[in-house]
Protein chains: 2
Amino acid sequence: MVRRMSLTKKNRLSGPLSQRLQTRGLRFTPQRQHVYNVLVQKRDHPTAEEVFIRSKREMPDISMATVYNCLDTLVECGLLRQVQLERGARRYCPNMREHCHFYCGECGSVFDVALPAGSRPVHRPKGFRIDHYEIAVHGICSDCSARKKRPKQ
Amino acid sequence: MVRRMSLTKKNRLSGPLSQRLQTRGLRFTPQRQHVYNVLVQKRDHPTAEEVFIRSKREMPDISMATVYNCLDTLVECGLLRQVQLERGARRYCPNMREHCHFYCGECGSVFDVALPAGSRPVHRPKGFRIDHYEIAVHGICSDCSARKKRPKQ
DNA sequence: TGGCTATTTAGAATTACTCCAAATATTGAC
DNA sequence: GTCAATATTTGGAGTAATTCTAAATAGCCA
């Protein structure tokens, strides 16, 4: 009990999550920490379903509803971004730097792509307030591209 | 019967739709023509649901399934673009020139925004094939912006 | 005009959440 | 440390937006 308490305290004080939660009046929970760990360990673009599957490996009793709740909270805390590249499941991205996404229409994988620094991609119409951009590049990734060109030779 | 035939023929030969269909081995149908008309008459960004409602005004027996089918076909023919600005219903855009979309998070309306001519927004990673870009700008439109600032004074 | 086959149609099925209310856990005060 | 207040988790029901299916209908070429 004492050991458990001190571990919890340690978690609360370390890492970006606990501080983000605290400033928003949200509580630290092992589920939130674990879902966040899952996202930063493998920095790809999983759907909620995929996050659920990965989370269950170390925390088998976590529920799908909790995964959705945690992901929402992490987005609210500015630790994750949602990305919607096609209709279908929403994806989550732990890279919070400015960047855009390449979506492979062949295998469905997603890659982060850097934006040319300081570029302002569009003209802002008068009176409009811009919150954020979302740039998606659709195409075929190098692996699929090579595979399609020539299976042999 | 002869009259009907000649009207059909006339439709088949005029407009961009019939030719696009023909080159793809697809058939001309009044439903496809009508759904296309609905999209070009009011050049906004309706959902399938909205297209269904508008289509029914002149063609009350058209079904939702047919609206989905027609929209898919029109996209395939290069006469419409699908746009996915948030999770939820897909939208359809009859503007086939290069442009991007401004999405108002307040009222949900969508505006076409011109891209600076000749701009290449992102660097293409080696071996990747680019099919098309999708640039969405999220923010608040001028009407909502003005309304929020000061209801009075 | 006929026949082959694409298209339309209503309704069932599916996907990806979103909502709900009861059980449980966290946190600040003592 | 213990308690009370309330945030969070959980399983399951509910919902929105398609997507699928199979029978009826309609284009189109010979």
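Where a ≥ b ≥ c are the square roots of the eigenvalues of the C-alpha gyration tensor, would you call the range B:14-139 rounded, which needs a/c under 1.5, or, failing that, prolate if a/b is larger than b/c, or oblate?
On the way: a/c = 2.23, a/b = 1.40, b/c = 1.60.
Oblate is the answer for the range B:14-139, as a/c is 1.5 or above yet b/c matches or exceeds a/b.
Fewest to most neighbouring Cβ within 10 Å: what's the order for A:THR73, B:THR66, B:THR23?
Numbers: A:THR73 22, B:THR66 18, B:THR23 9.
Lowest to highest Cβ neighbour count: B:THR23, B:THR66, A:THR73.
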Suppose every Lys and Arg Cβ carries +1 and every Asp and Glu Cβ carries -1, with no other charges. What dipole size does the range B:41-153 come out with about its Cα centre, to the nearest 20 debye? 580
For a quick check: sort A:HIS99, A:HIS34 by the number of other beta carbons within 10 angstrom, fewest at the front. A:HIS99, A:HIS34
At 7 angstrom along the Cα-to-beta-carbon line, where would the label on A:LYS126 sit relative to the other copies? Give the distances in nm, shortest first. 4.8
Fewest first, what order do B:ASP131, B:ASP44 take by the number of other Cβ atoms within 10 Å? B:ASP131, B:ASP44
Taking the dipole of the range B:21-90 about the Cα centre (Lys, Arg +1; Asp, Glu -1; charges at Cβ), the one of B:TYR68, B:PHE52, B:PHE28 that reaches farthest to the positive side is B:PHE28
homo-copy label distances at A:PRO16 (7 angstrom along Cα-Cβ), nm, one dp, ascending, are 4.4
Exam field: A:SER145 pseudo-label spacings to other copies (7 Å along Cα-Cβ), nanometres: 3.8
Between B:THR23 and A:LYS148, what is the label-to-label distance in nm when each label sits 7 Å out along the Cα-to-Cβ direction? 2.0
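Every number here is computed from the coordinates shown, using simple stated rules; none is lab data. Here the structure is a predicted model, which is why all the values come from computation and not from measurement. Virtual Cβ from ideal backbone geometry, glycine too; neighbours counted across all protein chains shown.
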